[in-house]
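The values are calculated or read from the model by the stated rules, or taken from the named source; none is laboratory data. Computed from a prediction, not measured in an experiment: that's the story for all the values here. Note that we place each Cβ from the backbone using ideal geometry, even for glycine, and neighbour counts take in every protein chain shown. Accessible surface areas use protein heavy atoms only, side chains included; no ligands, DNA or RNA. Shrake-Rupley method; radii C 1.70, N 1.55, O 1.52, S 1.80 Å.
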Amino acid sequence: MELNTDTIAAVSTAPGVGGIAVIRISGPQALPIFAQIWKGKGLNDAQTHTAHFGTIADSLGRQIDECVATLFRAPKSFTGEDTVEISCHGSEFIQREILHAVIRAGARTAEPGEFTRRAFLNGRMDLAQAEGIADLIAASSRAAHDIALSQTKGAFSASLESMRAKLTELASLIELELDFSEEDVEFADRTRLLSLAEEILGTIERLTESYSAGQAMREGIDVAIAGMPNAGKSTLLNCLVADDKAIVSDIPGTTRDTIEATAVRHGLLFRFIDTAGLRQTDDTIENLGIRRAITALQKSRYVFWLIDPTADIAPQMKLLHTHTESLPADRILILINKYDIAPDAATGLRNAIANTGIAQDNIFLVSAAEGTGTEKAIETIANKTTSGYDPMRETVIANARHYETLTRAADSLQRTIDGLTSGLPSDFVAQDLRETLTHLGTITGSITTPDLLTTIFSRFCIGK
Ligand SMILES: Nc1nc2c(ncn2[C@@H]2O[C@H](COP(=O)(O)OP(=O)(O)OP(=O)(O)O)[C@@H](O)[C@H]2O)c(=O)[nH]1
Ligand SMILES: [Mg+2]
């Protein structure tokens, strides 16, 4: 384990000017360092979790600001170390000057995520909980927030640790057999081991299945808006994000670039991508835009494909087929637009399109100009994406590292099961079991390496 003998400091509030800012000092020397810059009643005898008013001065004794210092004594602080948090006025000058004064008094600038890294190393939380904190800070929708919050509370970690504890017990019994290999004894009940391994595999699989939903909840859902020129794509984008993001005109080929805008709907972050209308053209720039449009519709999780009922339908269906044929059908939602001016044509088209084999549930009658019908299309995506998962009621995996590690754990557990059913020698079974235990342990951080920690914590912001 790493040893933290030095004391670190950083501005923990967001960069820039604010009403107040917070500078955090943590480490064994936090109090003596703070005492050097503090003009106020000393904190040496102060109790933990108390706030104190005073002024902070630079090395020449010039006052920098009037501040409130909050004291957290080890081990009951975020990091588990002695910590002082200085709340000052939020000018960039004051923040910089106070941080300089703290550094001059003997602290070192904290690396990104270093406070949380220390919290982990001091046993204040496990790795999955620490990662939950980073996600909590980054969350921009209710769903992302809920996933992160439940992770910080440790339910996921607890279920992993309980799986590990059960498996460890059996692994030790099998390993004990290896010590008595001459005597052909079985300490571990194979039937019990098999049913336990199967039960745990089931739990892990339920977790990995939730990843697609979890990823969408955490990172948001990309929806490309595609179709032929003038179908109303830019009008739709503007309507979905309630903002005048893209130029709308009745000249076909108005949009050249992809234009992204976000909106939170049903607690989920949606990233809508307006694209250039798809058509044959000799215009070089428009063709570049069309290429971007194709990339966007291939890469996005969903596509809103706009049909214009006031234009010829045959070429639009051909276009739809060409561009979506290689994509999974449930990713494509057909929006028949301009319902306000062509309700009969739109309704007729819906039936005709349904007859081509596209599911009726994936066809919507909308008017981008009036903002009608689009809500249902969004709701359909929200339901498809979350597929009933509720992060407040059960663990939903949203982190790629957790997903990959759980997948590996499932693989080695499956090998354990195969080994047990085919009567493989104990040492092979033991090895597969150990591997599963290692994978589960890397998620919570009960097994870890400095490299893994650096990868995880370097993604945090400075001051966290
Ligand atoms: N009545 C009506 N007109 C619409 C609707 N949606 C778009 N329009 C009109 O259709 C024309 C084209 O709209 P845009 O949103 O620019 O179409 P686009 O698909 O982005 O076109 P390109 O950027 O050229 O590919 C404009 O005159 C819009 O006002 C709608 O729902 N109803
Ligand atoms: Mg457009």
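Quick notes on this one:
- Condition met for Arg164 (out of contact with any helix residue (DSSP H, G or I) (no Cβ under 6 Å at 6 or more places or on another chain) and not acidic (Asp, Glu)): no
- Residue within region 203-224 that is touching a His at 6+ places or on another chain (Cβ under 9 Å), open to solvent by less than 60 Å² (accessible area, probe 1.4 Å) and among the aromatic types (Phe, Trp, Tyr) present: yes
- Check on Asn230, open to solvent by less than 30 Å² (accessible area, probe 1.4 Å) and of a type in the set (S, T, N, Q): no
- Verdict on Ile259 being open to solvent by 20 Å² or more (accessible area, probe 1.4 Å) and among the β-branched types (Val, Ile, Thr): yes
- Residue in region 33-44 that is assigned to a loop (DSSP other than H, G, I, E, B), touching a residue at least 12 places away in the same chain (Cβ under 8 Å) and closer than 30 Å to Thr448 by Cβ present: no
- Qualifying residue in region 338-347 (condition: surrounded by 15 or more Cβ atoms within 10 Å (Cβ to Cβ), under 19 Å from Arg265 (Cβ atoms) and within 14 Å of ligand 1 (Cβ to nearest atom)): no
Here is a yes/no grid of residues against (1) within 13 Å of ligand 2 (Cβ to nearest atom); (2) more than 30 Å from Ala216 (Cβ to Cβ):
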| residue | (1), (2) |
| --- | --- |
| Leu237 | yes, no |
| Val241 | no, no |
| Leu268 | no, no |
| Asp274 | yes, no |
| Asp283 | no, yes |
| Lys299 | no, no |
| Ala314 | no, yes |
| Met317 | no, no |
| His321 | no, no |
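- Filter pass, Leu278 being crowded, with 20+ Cβ neighbours inside 10 Å, of a type in the set (A, V, I, L, M), over 30 Å from the mean Cα position of the chain (by Cα) and assigned by TED's automatic domain parsing to the domain that holds Asp250: yes
- Residues in region 397-433 that are within 12 Å of Tyr211 (Cβ to Cβ), assigned to a loop (DSSP other than H, G, I, E, B) and either without any contact (Cβ under 8 Å) to a residue 60 or more places away in the chain or open to solvent by less than 10 Å² (accessible area, probe 1.4 Å) (or both): Ile397, Ala398.
- For region 258-288, filtering for residues that are within 13 Å of ligand 1 (Cβ to nearest atom) and either of a type in the set (S, T, N, Q) or at pLDDT 95 or above (or both) leaves 10.
- Among the candidates Thr203, Thr254, residue that is in a loop (DSSP other than H, G, I, E, B), hydroxyl-bearing (Ser, Thr, Tyr) and without any contact (Cβ under 8 Å) to a residue 60 or more places away in the chain: Thr254
- Within region 78-189, helices (runs of 4 or more DSSP H) holding 1 or more residues that are touching a strand residue (DSSP E or B) at 6+ places or on another chain (Cβ under 8 Å), hydrophobic (A, V, I, L, M, F, W, C) and surrounded by fewer than 18 Cβ atoms within 10 Å (Cβ to Cβ): 92-104
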